[in-house]
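Student: My questions will all concern the structure given below.
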Amino acid sequence: MSGAGSPAPLDVAAVRAQFPILGQRVHTRPLTYLDSAATTQKPQAVLDAVQHHYAADNANIHRAVYQLGERATQAYEHAREQVAAFLGAPEAREVIFTRGATEALNLVAHSFLKPRLRPGDVVLVGALEHHANIVPWQLIGAR
């Protein structure tokens, strides 16, 4: 039992149940997926939202001036506001969506750090980092 102010213990079975792909068995054991750096598995809520988007609102955001585009833009901006609130970002416009961690790391490395680095600066990266979090820093360091 958790004390006052303590978070409730994580219900692993309930979390797993949200991911349809984790319902399968591999070699007689429940699937355990550990390659999330490459591809993350999606919970049913995400699968449903993506299905809804493609079935009902698929259009360019911030460009289209017709109803589908307006709905797609509204959904996109609502998601940005929710993420900003979750992260505690002061403004939703500070949230930038990318296709994945590799693209995000490259964006940070090249747009934020590269202009600030000077000769003699050192960028420290842990030995256990994923390849995607090593290469951008190596490339910038070589320049």
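Student: When residues of segment 31-44 are filtered for being within 30 Å of residue 129 (Cβ to Cβ), open to solvent by 70 Å² or more (accessible area, probe 1.4 Å) and either more than 19 Å from the chain's Cα centre (by Cα) or modelled with pLDDT of 95 or more (or both), how many remain?
Tutor: Looking only at that region, the number is 2.
Student: How about segment 52-76: which of its residues are within 24 Å of residue 94 (Cβ to Cβ) and open to solvent by 100 Å² or more (accessible area, probe 1.4 Å)?
Tutor: 62, 63, 70, 74
Student: Restricting to segment 88-101, and then to whatever is open to solvent by 70 Å² or more (accessible area, probe 1.4 Å) and under 12 Å from the mean Cα position of the chain (by Cα), can you tell me which residue is modelled with the lowest pLDDT?
Tutor: Of the residues in segment 88-101, the ones open to solvent by 70 Å² or more (accessible area, probe 1.4 Å) are 90-91, 93-94, 96-97, 99.
Checking which are under 12 Å from the mean Cα position of the chain (by Cα) leaves us with 96-97, 99.
Numbers: 96: 93, 97: 93, 99: 87.
Once the filter is applied, the top-ranked residue is 99.
Student: Let me ask you something else. Scan segment 1-30 for residues that are in a loop (DSSP other than H, G, I, E, B) and either small (Gly, Ala, Ser) or exposed (fewer than 10 other Cβ atoms within 10 Å of the Cβ) (or both) and report the count. Spell out the reasoning first.
Tutor: Pass one, segment 1-30, residues in a loop (DSSP other than H, G, I, E, B): 1-11, 18-19, 24, 27-28.
So of that shortlist, the ones also either small (Gly, Ala, Ser) or exposed (fewer than 10 other Cβ atoms within 10 Å of the Cβ) (or both) come out as 1-11, 24, 27-28.
Summing the residues that are in a loop (DSSP other than H, G, I, E, B) and either small (Gly, Ala, Ser) or exposed (fewer than 10 other Cβ atoms within 10 Å of the Cβ) (or both) in segment 1-30 gives 14.
Student: Kindly indicate the residue of segment 117-133 that is in a loop (DSSP other than H, G, I, E, B) and of a type in the set (A, V, I, L, M) and also nearest to residue 143 (Cα to Cα) among those meeting that condition.
Tutor: Filtering segment 117-133 down to residues in a loop (DSSP other than H, G, I, E, B) leaves 117-130.
Checking the rest, the ones that are also of a type in the set (A, V, I, L, M) come to 117, 122-125, 127-128.
Values: 117: 10, 122: 13, 123: 13, 124: 16, 125: 17, 127: 22, 128: 24 Å.
So the residue we want is 117.
Student: Additional query: Consider segment 131-143. How many of its residues are loosely packed, with under 14 Cβ neighbours inside 10 Å and closer than 19 Å to residue 39 by Cα?
Tutor: Result for segment 131-143: 1.
Student: Would you check if residue 109 is in a loop (DSSP other than H, G, I, E, B), without any contact (Cβ under 8 Å) to a residue 60 or more places away in the chain, among the small types (Gly, Ala, Ser) and surrounded by 11 or more Cβ atoms within 10 Å (Cβ to Cβ)?
Tutor: Working: in a loop (DSSP other than H, G, I, E, B): no; without any contact (Cβ under 8 Å) to a residue 60 or more places away in the chain: yes; among the small types (Gly, Ala, Ser): yes; surrounded by 11 or more Cβ atoms within 10 Å (Cβ to Cβ): yes.
When the stated conditions are applied, residue 109 does not pass them.
Student: Can I ask one more? Which of the residues spanning segment 58-74 are part of a helix (DSSP H, G or I) and within 21 Å of the chain's Cα centre (by Cα)? Full working, then the answer.
Tutor: Of the residues in segment 58-74, the ones part of a helix (DSSP H, G or I) are 67-74.
Selection gives 72, 73, 74.
The values are calculated or read from the model by the stated rules, or taken from the named source; none is laboratory data. No experiment lies behind these values; they were computed from the predicted model shown. No Cβ is skipped: glycine too gets one built from the backbone with ideal geometry, and neighbour counts run over all protein chains shown. Heads up: the accessible areas ignore ligands, DNA and RNA and are worked out on the full protein's heavy atoms, side chains in. Shrake-Rupley method; radii C 1.70, N 1.55, O 1.52, S 1.80 Å.
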